[in-house]
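None of the figures in this text is laboratory data; all of them are computed from the coordinates on show. All values derive from a computational prediction rather than experimental measurement. Quick reminder, even Gly has a Cβ in these numbers, built from the backbone with ideal geometry, and neighbours come from all protein chains shown.
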Amino acid sequence: MSTFFTPGPAALFPTVEGHYAEAFRQNIGSISHRSSAFRKIYQHADEQLRQLFGLPKETAVLFTGSATEIWERVLMNTVEHESFHLVNGSFSKKFFDFSQELHKYAHAMHKPFGEGFDAAEVIVPEYAELICCTANETSSGVQMRAAEIHKIKKAHKDKLVMVDMVSSAPYPNLDFNLVDSAMFSVQKAFGMPAGLGVWIANEKMLAKSERMKLHGDTVGTYHSLPSLWENYKKFETPETPNVMGIYVLGKVAEDYNRIGVDVMRKETDRKAKALYDFAKKSDQFDIFVTNESHRSATVVVLNCKTLAGEVIKQVQAKSDFILGAGYGKMKETQIRIANFPAVNLEQVEALIATLGSI
């Protein structure tokens with residue numbers, strides 16, 4: 001069986017198959033989203049994610065069809081006029097583009113592909129209402145450390161801070177007493193099939209959306225923040241959601257809590273160190289992100305001395321490991337290696353041995 005080191009969809013967490021089998025056994029795919037059975041499923045997922053992320057009571061855990069959808073929902077519900085984006089890759093750029101397409105006045109601080117941000121260099125426009133940060137830029141393997149995001153919020157307490165943690169949650173140790181909102185999707189570090197977005201939002205976000213709605217702004221329909229939140233209070237959703245996905249997410253979050261998020265973070269760091277240490281010594285690969293403090297622990301990007309496609313083919317032929325290609329223009333020159341909880345240290349070491357043999 002192939003082992004996927006792709007950055008999303010990624011390898012399934014080892015317990016996921018069993019959780020889906022149990023969901024089928026319980027006919028969870030057929031239950032009503034207005035039933036007590038579904039409310040228990042939502043409540044369980046909420047409780048486990050609260051524990052995993054250390055969420056305060058002022059936050060809600062909301063479900064959408066994807067993380068991409070949440071970009072739009074956040075902008076529609078919390079930006080009356082101006083947003084501010086830290087852009088250093090393809091996905092942070094798309095978040096910025098969404099704001100422009102929604103006719104907001106979108107400011108951005110740009111960095112070249114492969115470079116990251118530190119709080120000390122970030123100048124936030126005076127009238128920006130929402131600061132958009134990317135904890136892990138999937139396209140380039142650049143992380144923004146939680147401590148730097150916290151510093152930005154502390155310096156701008158009157159502004160809302162949104163964190164895209166799609167390809168790193170639950171690795172970033174974000175303080176949700178500071179950060180107003182974050183989002184992720186389940187097909188990356190949670191090791192599940194795609195089809196579910198998770199939006200964490202606090203009461204400040206809700207209050208802003210309600211003010212905008214009162215003033216006649218369009219904040220959306222069934223997936224507006226007030227609508228999602230009103231349903232959340234009953235552990236329901238406005239529409240029929242991905243019930244099986246919510247059930248399995250709750251179970252995977254429970255698995256993660258059983259392991260311990262601090263243990264998982266340390267294991268992620270160990271695996272990342274092994275990959276980067278290999279690349280430092282290799283004559284076939286170079287580390288793409290030069291600033292060590294900006295190197296992602298969850299998506300390792302390496303420059304290839306030969307065509308990346310050939311590297312990917314050789315690795316699969318030798319070991320049945322599936323690697324990710326570089327993103328966009330970097331497709332032919334880079335490989336991306338997902339370092340998510342679904343792959344263990346032994347598998348990473350086997351991948352390193354294979355890369356070293358080609």
- Dipole-positive endmost among F96, T68, A23 within region 16-258 (Cβ charges, Cα centre): A23
- Antiparallel content of DSSP bridges confined to the chain, in %, to 5: 55 percent
- If the limit is 19 Å between Cα atoms, which of K93/K151; K111/K159; K94/K329; K94/K157; K305/K331; K159/K204 go over it? K93/K151; K111/K159; K94/K157
- Considering the Cα trace of region 16-258, what is its radius of gyration and what is Dmax, both in angstroms? 17.5, 55
- Item | Ranked packing of 41-53, 286-298, 22-34, most packed first, by mean Cβ within 10 Å | 41-53, 286-298, 22-34
- Computed on Cα atoms only, the convex hull of region 38-106 has an orientation-averaged projected area in nm² of 6.1 nm²
- Under 5 Å from the placed amide H of H85, counting only residues 5+ away or on other chains, we find H107, A108, M109, C132
- Item | Cα centroid separation - region 305-358 against region 28-82, whole Å | 34 Å
- Note on the structure: Most exposed to least, judged by fewest other Cβ atoms within 10 Å, M76, M264, M109 sort to M109, M264, M76
- Once you charge only the Cβ atoms, +1 for Lys and Arg and -1 for Asp and Glu, what is the size of the charge dipole of region 16-258 about its Cα centre, to the nearest 20 debye? 520 debye
- Message: So if I take the alpha carbon set of region 252-358, get Rg, then get Rh from the Kirkwood formula, what is the Rg over Rh ratio?
- Response: 0.98
